[in-house]
Amino acid sequence: MGKKYSMRRRIWQAVIEIIIGTCLLILLLLGLTFFLRQIGQISGSETIRLSLDSDNLTISDIERDMKHYPYDYIIFDNDTSKILGGHYVKSDVPSFVASKQSSHNITEGEITYTYSSNKHFSVVLRQNSMPEFTNHTLRSISYNQFTYLFFFLGEIILIIFSVYHLIREFSKNFQAVQKIALKMGEITTFPEQEESKIIEFDQVLNNLYSKSKELAFLIEAERHEKHDLSFQVAALSHDVKTPLTVLKGNIELLEMTEVNEQQADFIESMKNSLTVFDKYFNTMISYTKLLNDENDYKARISLEDFLIDLSVELEELSTTYQVDYQLVKKTDLTTFYGNTLALSRALINIFVNACQYAKEGEKIVSLSIYDDEKYLYFEIWNNGHPFSEQAKKNAGKLFFTEDTGRSGKHYGIGLSFAQGVALKHQGNLILSNPQKGGAEVILKIKK
């Protein structure tokens, strides 16, 4: 690529192009005027006086001499005042006649009618102090106006041409920036790393290419880490579930034997512990699957159908936890985009959490759905203890649990899973304490 230059220099180059073009345009106008003058298409501004000193001049002699001048004229007979010849337009005849009758030059504005005569003829010349077209059809257009219009149009074309090339060059550079920005972080090989003649754009492009490669490397490394985590969790779950399955079988064998009341309590406690372990590992597997989920998160979903299916599960959970459950729909939205399975699991996790920490004795949990121009909101509220500041900051983190006001019934995975789902939907998880009391969790997703 050739020599590079700054953006300021490129703009000044465009300005200089316009200035040089303007000078050339002025020279072109002067040259055009000189050329038209030479071929007799426009009259000059100087005043001439035709000499008719000889009485032997004929009309042909006068007409032959007048061909050398770009002026209108009329030849009058001195005896009869009739027009014997000339080159003129009818609208100017009264002025020619007035000059003939007065035998003097007369001036009308910028036009002078010059009178000359001998014994037989009188000649009146029409001369304009301003250049004008000698062609009677074109004379309706002032030559000065013609030059102004020519200059104005030429200047506009010149500016448009120069600015167009400037904008085109800038646009090409912006398109190069857009091209790499849209593929930022993608593992792709660009056939040719685009360069720019403008230093500022070239620096931006080089930086974007470098950052894109770094980001692509980090994303790929994170993807491998997630796959490794998923594999490790799956392997760990398998390794742990195997002895748990054996233990579960042994407990079932013990139940078949005669045991006393205390032993029966021990067996029941072990069964509950096994259930907790099983639920814990299933939750961990679900979370790691979400990390590696490559499914489509832009499927078109019917909001009504989604809420009908979701409500079936939420009503069952509300019965299990003995909760007064309410569904409030505050939107006219019919469809949105997302992943049905992931959203359902996330909302169920939040709902279970809300049920567990609702106010004992009169548990109330509500699910409200509303939207704005960009996002769809699922708000789950309970009438339990409000969130602490620590919980609002860290509840979305894996394995975070809060001791104050919480019974330790969960493992710190549910809200972390919901946060992951929200991020996959280009949204967020929001924890807040409304003025009406209680606590609420809002799952915000892009529509």
Q.
Is it the case, given these coordinates, that Val352 is among the aliphatic types (A, V, I, L, M) and part of a helix (DSSP H, G or I)?
A. yes
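Take Asp332 and decide whether it is in the same structural domain as Val441 (by TED's automatic domain parsing), among the acidic types (Asp, Glu), farther than 20 Å from Ser432 by Cβ and free of Cβ contacts under 8 Å to residues at least 12 places away in the same chain.
Values: in the same structural domain as Val441 (by TED's automatic domain parsing): yes; among the acidic types (Asp, Glu): yes; farther than 20 Å from Ser432 by Cβ: yes; free of Cβ contacts under 8 Å to residues at least 12 places away in the same chain: yes.
Considered against the rule, which asks whether it is in the same structural domain as Val441 (by TED's automatic domain parsing), among the acidic types (Asp, Glu), farther than 20 Å from Ser432 by Cβ and free of Cβ contacts under 8 Å to residues at least 12 places away in the same chain, Asp332 comes out as yes.
Within region 310-330, take every residue that is among the charged types (D, E, K, R) and modelled with pLDDT of 90 or more and give me the one that is nearest to Ile348 (Cα to Cα). Steps first, please.
Residues of region 310-330 among the charged types (D, E, K, R): 313, 315-316, 324, 329-330.
Applying the additional criterion that residues be modelled with pLDDT of 90 or more yields 315, 324, 329-330.
Details: Glu315: 11, Asp324: 16, Lys329: 17, Lys330: 20 Å.
Within region 310-330, the match that is nearest to Ile348 (Cα to Cα) is Glu315.
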Q.
Return the residues of region 71-86 that are more than 13 Å from Val123 (Cα to Cα) and modelled with pLDDT of 85 or more; say none if nothing qualifies.
A. Thr80
(Q) Report every pair of residues separated by at least 6 positions or lying on different chains whose Cβ atoms are under 8 Å apart, first residue within region 1-27 and within 19 Å of Ser171 (Cα to Cα) and in contact (Cβ under 8 Å) with a residue 40 or more places away in the chain, second outside any strand (DSSP E or B) and among the hydroxyl-bearing types (Ser, Thr, Tyr). (A) Lys4/Ser196; Ala14/Ser162
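One residue is enough: does region 197-209 have a residue meeting the conditions basic (Lys, Arg), modelled with pLDDT of 80 or more and under 30 Å from Tyr5 (Cα atoms)? Spell out the reasoning first.
Filtering region 197-209 down to residues basic (Lys, Arg) leaves 197.
In the following step, the residues that additionally are modelled with pLDDT of 80 or more were identified as 197.
Filter once more, so that each one left must be under 30 Å from Tyr5 (Cα atoms): 197.
Yes, region 197-209 contains at least one residue that is basic (Lys, Arg), modelled with pLDDT of 80 or more and under 30 Å from Tyr5 (Cα atoms).
Any residue in region 389-403 that is under 38 Å from the mean Cα position of the chain (by Cα), modelled with pLDDT of 90 or more and buried (at least 17 other Cβ atoms within 10 Å of the Cβ)? Write out each step before concluding.
Kept after step one, since they are under 38 Å from the mean Cα position of the chain (by Cα), are these residues of region 389-403: 392-398.
Among the residues that remain, those that are also modelled with pLDDT of 90 or more are: none.
Within region 389-403, not a single residue is under 38 Å from the mean Cα position of the chain (by Cα), modelled with pLDDT of 90 or more and buried (at least 17 other Cβ atoms within 10 Å of the Cβ).
Being loosely packed, with under 15 Cβ neighbours inside 10 Å and part of a helix (DSSP H, G or I) is the filter here, so list the residues in region 113-146 that pass it.
As a first pass, look at region 113-146 and keep what is loosely packed, with under 15 Cβ neighbours inside 10 Å: 119, 130, 135-138, 140-141, 144-145.
Residues satisfying the conditions are Leu138, Ser140, Asn144, Gln145.
Filter region 296-305 down to the residues that are within 14 Å of Ser368 (Cα to Cα) and of a type in the set (A, V, I, L, M, F, W, C) and list them by number.
Keep residues of region 296-305 that are within 14 Å of Ser368 (Cα to Cα), which gives 303-304.
Result: Leu303, single match.
If the requirement is being in contact with a strand residue (DSSP E or B) (Cβ under 7 Å, 6 or more places away or on another chain) and within 30 Å of Leu30 (Cβ to Cβ), which of these qualifies: Asn128, Asn105? If you could, list the steps in order and put the result at the bottom.
On the way: Asn105 fails: within 30 Å of Leu30 (Cβ to Cβ).
Being in contact with a strand residue (DSSP E or B) (Cβ under 7 Å, 6 or more places away or on another chain) and within 30 Å of Leu30 (Cβ to Cβ) holds for just one of Asn128, Asn105, which is Asn128.
Under the condition of being β-branched (Val, Ile, Thr) and part of a loop (DSSP other than H, G, I, E, B), which residue from region 36-62 is modelled with the lowest pLDDT?
Checked region 36-62; the qualifying residue modelled with the lowest pLDDT is Thr47.
With of a type outside the set (Asp, Glu), in contact (Cβ under 8 Å) with a residue 24 or more places away in the chain and loosely packed, with under 15 Cβ neighbours inside 10 Å as the only criterion, which of Ile48, Ile75, Ile39, Ile62 stands out? Show your work before the answer.
On the way: Ile75 fails: loosely packed, with under 15 Cβ neighbours inside 10 Å; Ile39 fails: in contact (Cβ under 8 Å) with a residue 24 or more places away in the chain; Ile62 fails: loosely packed, with under 15 Cβ neighbours inside 10 Å.
Sole residue among the options that is of a type outside the set (Asp, Glu), in contact (Cβ under 8 Å) with a residue 24 or more places away in the chain and loosely packed, with under 15 Cβ neighbours inside 10 Å: Ile48.
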(Q) Can you find, within region 224-254, the residue that is farthest from Ile180 (Cα to Cα) among those that are in contact (Cβ under 8 Å) with a residue 40 or more places away in the chain and among the charged types (D, E, K, R)? (A) Lys241
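Report, by residue number, each residue of region 86-101 that is in contact with a Phe, Trp or Tyr (Cβ under 9 Å, 6 or more places away or on another chain) and either surrounded by fewer than 17 Cβ atoms within 10 Å (Cβ to Cβ) or of a type outside the set (Asp, Glu) (or both).
The first filter runs over region 86-101 and keeps only residues in contact with a Phe, Trp or Tyr (Cβ under 9 Å, 6 or more places away or on another chain), leaving 86-88, 92, 95-100.
Across region 86-101, the qualifying residues are Gly86, His87, Tyr88, Ser95, Phe96, Val97, Ala98, Ser99, Lys100.
The values are calculated or read from the model by the stated rules, or taken from the named source; none is laboratory data. Predicted model, so just to flag it, every value in this text is computed and none were measured. In this analysis, Cβ positions are derived from the backbone assuming ideal geometry, glycine residues included, and neighbour counts consider all displayed protein chains.
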